[in-house]
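Working notes for the structure below.
The values are calculated or read from the model by the stated rules, or taken from the named source; none is laboratory data. None of the values given here were measured: they were computed from a predicted structure. Positions of Cβ are generated from backbone atoms using ideal geometry, with glycine treated the same way; all protein chains shown enter the neighbour counts. Protein only, heavy atoms only, side chains kept; ligands, DNA and RNA dropped before computing areas. Shrake-Rupley method; radii C 1.70, N 1.55, O 1.52, S 1.80 Å.
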Amino acid sequence: MAKLFIIGNGFDIAHGMKTKYEHFREFLRRKYPKAVSDGSIPEPYMLPDGDEKYDDDTVVGAITRILDYTEGDKWSDIETSIGNLDYSDFLDTYEDNCMTADDFDEKEFRRQYYGNEDNARNLCGALQHISDYFVQWISGVRIKHNKKADFEKLINSKEDYFLNFNYTLTLEKLYGAQNVCHIHGKKGDYYLYFGHGNNEDKMDKYQRNWFGAENELIDFERCLKKDVFSAYSANKDFFKKITNIGSIYSFGFAYSFVDEFYVERICEIIKKKDIVWHLNDYKDPEKPNEIERFKEVIKRNGFVGSFSTFHVG
């Protein structure tokens, strides 16, 4: 019976590929060596046709500075960080951004309000280009030809199904996998799904810290939210095909909140009690209880089968 494989970034990393955040950071540093992460807010310049454009060096400097605060080894960590960015380095430009009734001065209030609004607009206009640099980086990631014999024995490249969260073509190039769903797009696509899944209402927080900036910040974070509903809708045919699979294997998938939506969809489709969900037994020394967390995520999304582990050397 066919199997479903859920593939995450850890799969490419296990194959020696440079797909960690640190490699994205190195790519930016190498391509834009003049970029400076000094906390300054990029300002756009006007093109002859009236459009605004940002200088790459200042944009990359801002992106790397704000992401470095939450640097992680897994792309899920970076996507999570995008929904929890700390703008303090860029927007704390006034000694007091929160005026009281006692010291209220309309002129000063307007100065601070519109100053915060302008700063946030410029900052967000620059940071939203992170997806553009991400696509540039992915287009240059090379596949290393070191197949995993243990994994190759597990799969039937023609019959099994592969839900791939990576943008690379490792499965196809190394293992000849055919039924592959690149749920968030793949290398060479015009558009890649990339972003966070934070649904927190931050209006009060932003008004309290940087009044005047709140609308710009919220609009920006809304634009960088991963559109999982559209990604799922575009790949519904794949999910219809996995109804009769006999087992599930996940390799390198982090079960992060932003991608939990897909776990729930799988559990809705597959409700057989005799199905086994196999988790790769790799143990991150910094996260020794990850497998148990994975099980909890899967169970709370409706899985009624049992669990096992498998090893890939």
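Descriptive notes on the structure:
- Residues of the range 48-57 that turn out to be open to solvent by 60 Å² or more (accessible area, probe 1.4 Å) and either without any contact (Cβ under 8 Å) to a residue 40 or more places away in the chain or among the small types (G, A, S) (or both), as a count: 6
- Helices (runs of 4 or more DSSP H) (entirely within the range 110-205) containing at least 1 residues that are farther than 21 Å from F310 by Cα: 130-140, 170-175
- Count of the range 273-305 residues, restricted to those that are surrounded by 12 or more Cβ atoms within 10 Å (Cβ to Cβ), in a loop (DSSP other than H, G, I, E, B) and more than 21 Å from the chain's Cα centre (by Cα), is 6.
- Options G8, G16: the member that is small (G, A, S) and out of contact with any Asp or Glu (no Cβ under 9 Å at 6 or more places or on another chain): G16
- Whenever a residue of the range 89-112 is within 16 Å of I41 (Cβ to Cβ) and modelled with pLDDT of 80 or more, its partners that are part of a loop (DSSP other than H, G, I, E, B) and hydrophobic (A, V, I, L, M, F, W, C), lying with C-beta atoms within less than 9 angstrom and at least six residues away or across chains, give the pairs F90/I41; L91/I41; L91/A213; Q112/M99; Q112/F211.
- Listed by first and then second residue, the pairs with beta-carbon distance under 7 Å, at least 6 apart or on different chains, first residue in the range 281-301 and without any contact (Cβ under 8 Å) to a residue 60 or more places away in the chain and over 9 Å from Y255 (Cβ atoms), second part of a loop (DSSP other than H, G, I, E, B) and open to solvent by 100 Å² or more (accessible area, probe 1.4 Å), are D281/H311.
- Count of residues meeting criterion [of a type in the set (V, I, T) and within 18 Å of F165 (Cα to Cα)] in the range 231-277: 5
- Residues in the range 23-35 that are assigned to a loop (DSSP other than H, G, I, E, B) and either surrounded by 15 or more Cβ atoms within 10 Å (Cβ to Cβ) or among the small types (G, A, S) (or both): Y32, A35.
- Index of the failed condition, T243 passing every other in (1) surrounded by fewer than 19 Cβ atoms within 10 Å (Cβ to Cβ); (2) over 22 Å from the mean Cα position of the chain (by Cα); (3) closer than 30 Å to G16 by Cβ: (3)
- Hits in the range 249-269 (condition: on the phi > 0 side of the Ramachandran plot and of a type outside the set (S, T, Y)): G252
- Flag set for S256, criterion: touching a Ser or Thr at 6+ places or on another chain (Cβ under 6 Å), open to solvent by less than 20 Å² (accessible area, probe 1.4 Å) and touching a residue at least 40 places away in the same chain (Cβ under 8 Å).
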